[in-house]
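Heads up, the thing below is written out as structure tokens.
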Amino acid sequence: MDLKSKLLDPARQVRLYGTTPPRAGTPPEQVAAAAAKLAARLAGLPLDAVVVYDIQDETGRTESPRPFPFTGTVDPRDYAPLLGRPAYAPPTPEPATVERDGANWRVHASGTALFVNERKVGGILCESGTGARSEPFQVIGMGLNVNGDRSEFPENLRETATTIYQETGCHIERHRLLTQFLQELEVCLVECESRGSERIALAYRQRCSTIGKHVKAMLTDGKEFVGLAETIEPDGALRVIQRPLPTDGRPPEIQRLRVADIIHLRT
């Protein structure tokens, strides 16, 4: 039975999967890679059809300005056939930049805080474990202050925390923000699987506010280590050199930290 017949049959359930094409201007090899990855994921699902959406600007629907500029996509009529006969080529995302929409976005090296204009706008929490019947896993949670106002924060946080709205003056459509975040995360995951972590570590270093700072690392065994945060290494570890230097002529101790709470020290 073809799709049209299924849709016209009121007694039949139809399973559809919706997707959007990559952004307009995406290199053809990356478009093919996205199609291949999606096709592989859908191969085992009992779907009747895949719906490829045509994203349009639709400026006439509202007089309110967009919080983000409209970005078109690859023509869905060109993208849809690729889902049936894709050719894989790994995507290669560009290194991250630190300036976006006039705001200076930075990430804390501990991986627990996101900053914009030196105020905390979000937090990240990672937890690792091993299930009784599974391989080792990691759960990543993230919170982001989107449309609130600093005046609504507890008084002790108003000078150190902020929201995207407070810093940009724009109200954000949170579902669009979440969609864009997940798309970018997907690109990073494919990059890590296909090429390793080197380029992701480069993007991390470009955004990291901890490099060059004196820090105190709270280690998992309860000990503390104080030093100068020198760099983020290709595997994501924070390289910290002991400070102050030993007075007995010994070389300074170097810690390569993958798990620790990092506190910036005032010097």
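Computed from the coordinates by the stated procedures, all read-outs in this text should not be read as laboratory data. Every value quoted in this text rests on a predicted model; they were computed, and no experiment measured them. With ideal geometry, Cβ positions are generated from the backbone for all residues, glycine too; neighbour counts draw on all protein chains shown.
Brief remarks follow.
- Taking θ as phi - 60° and the Karplus parameters 6.51, -1.76 and 1.60, the scalar couplings of region 251-261 work out to x, x, 6, 10, 10, 10, 9, 9, 9, 5, 8 Hz in sequence order, x denoting glycine and proline.
- Residue order, fewest to most beta carbons within 10 Å, for TYR17, TYR53: TYR53, TYR17
- Counting neighbouring Cβ atoms within 10 Å and putting the fewest first, the residues SER151, SER209 line up as SER151, SER209.
- Summarising the label geometry, the points placed 7 Å from Cα in the beta-carbon direction at ILE124 and GLU29 lie 2.7 nm from one another.
- Within straight-line cross-link reach of LYS216, aspartates and glutamates at Cα separation under 12 Å, skipping those fewer than 8 residues along the same chain: GLU224, ASP261
- Remark: ILE164, ILE124 ranked as ILE124, ILE164, counting other beta-carbon atoms within 10 Å and listing the fewest first.
- Summarising the label geometry, the points placed 7 Å from Cα in the beta-carbon direction at GLN56 and ILE263 lie 5.7 nm from one another.
- Estimated inter-spin distance, ARG12 and ARG176, nm [label 7 Å along Cα→Cβ]: 3.8 nm
- Segment GLU230-ALA43, extension gain: residue separation times 0.36 nm, minus the distance between their alpha carbons: 62.8 nm
- Nearest-0.05 FRET efficiency for SER194 and ASP248, computed from C-beta distance (R0 45 Å): 0.40
- Straight-distance crosslink candidates among lysines, where the alpha carbon sits under 22 Å from LYS37 and sequence neighbours closer than 8 are dropped: none
- Taking θ as phi - 60° and the Karplus parameters 6.51, -1.76 and 1.60, the scalar couplings of region 38-52 work out to 5, 4, 5, 5, 8, 4, x, 8, x, 8, 8, 6, 10, 9, 9 Hz in sequence order, x denoting glycine and proline.
- Phi angles of region 195-204 translate, via the Karplus equation with coefficients 6.51, -1.76, 1.60 and θ = phi - 60°, into HN-Hα couplings of 10, x, 9, 4, 6, 5, 4, 4, 4, 4 Hz per residue; Gly and Pro are given as x.
- Summarising the amide proton neighbourhood of GLU253: residues at separation of 5 or more, or on other chains, whose placed amide H is nearer than 5 Å comprise GLN242.
- Rounded to the nearest whole angstrom, the semi-axes of the ellipsoid equivalent to region 214-264, taken from the Cα gyration tensor as √(5λ), stand at 18, 13, 9, largest first.
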